[in-house]
Structure formats: structure tokens, C-alpha cells
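Some notes on the structure that comes next.
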Amino acid sequence: MAYYSPDAILTDAQKTPVTFEMAVPQLFSINNGSAIQQGTKLDLPLWMAEMLAVSRPAGPDSAPLGSLDLPPPLGPRVMNALRADPKSVDVRAQAQWFYGIG
């Protein structure tokens, strides 16, 4: 993606569900002031969710801070509709930046 591309910036700002794999009490500011416990689910911007999913705080063999969950536009219902008849699915209605998220 291009650094100054408005499409790239807006795609990265799309919210994506994340499940935290470990407690992170220092990130309370992204959870409305509450400490983040293991198993907490939050909708975060794609750029932040991606960084949490690839970061491994205790070394390369440790678990990541969080795992990315499929956002609703890429969920089973939409994917089944795409497999059945792709011409009938308005992907822009599912998510404005559908292909960038995928």
C-alpha cells in the first residue's frame, strides 16, 4: 500500500475484532479505562490489531498478545454467499474497504 494513499489509510482504520491471549493491564486506555484480562474481546483498528497479533512479548516461542478474529464482512455468512453466487453479493455494502481488509 502507498504511504499517502487515502484508501490505504481508511482500510487500516477499519475495526477488526481481537481476542487478547494474555492479560495486558497497561493497555487500559483502549478498553475504556479497564484493565485487559485474558479472553477480552475488543474491536480495534486493523493496524493495531495486526501489531497485537504478530507481537510476541516473551520471545519468538511465546504466544502473541492477541489473535485476530474474522470481521463480520469476512464471516461465514458472507463467504458462503460469495461461494454460491458472487455476482449477487454487494461487497461494498459489507465493508467499504472489503478487499483491503481481506
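The values are calculated or read from the model by the stated rules, or taken from the named source; none is laboratory data. Here the structure is a predicted model, which means the values were calculated and not measured. Side chains included, ligands, DNA and RNA excluded: accessible areas come from the protein's heavy atoms. Shrake-Rupley method; radii C 1.70, N 1.55, O 1.52, S 1.80 Å.
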Original post:
Of the accessible area of segment 14-69, with the probe set at 1.4 angstrom, what percent is carbon plus sulfur?
Top reply: 55 percent
**OP:** Name the long-range amide H neighbours of residue 22: under 5 Å, sequence gap of 5 or more, or other chain; modelled H, no Pro or chain starts.
**Re:** 39
Original post:
Relative contact order for segment 14-69: what is it in percent, counting Cα pairs under 8 Å that are at least 6 residues apart?
Top reply: 43 percent
**OP:** List, largest first, the extents of the alpha carbons of segment 14-69 along their principal axes, each in whole Å.
**Re:** 30, 23, 15
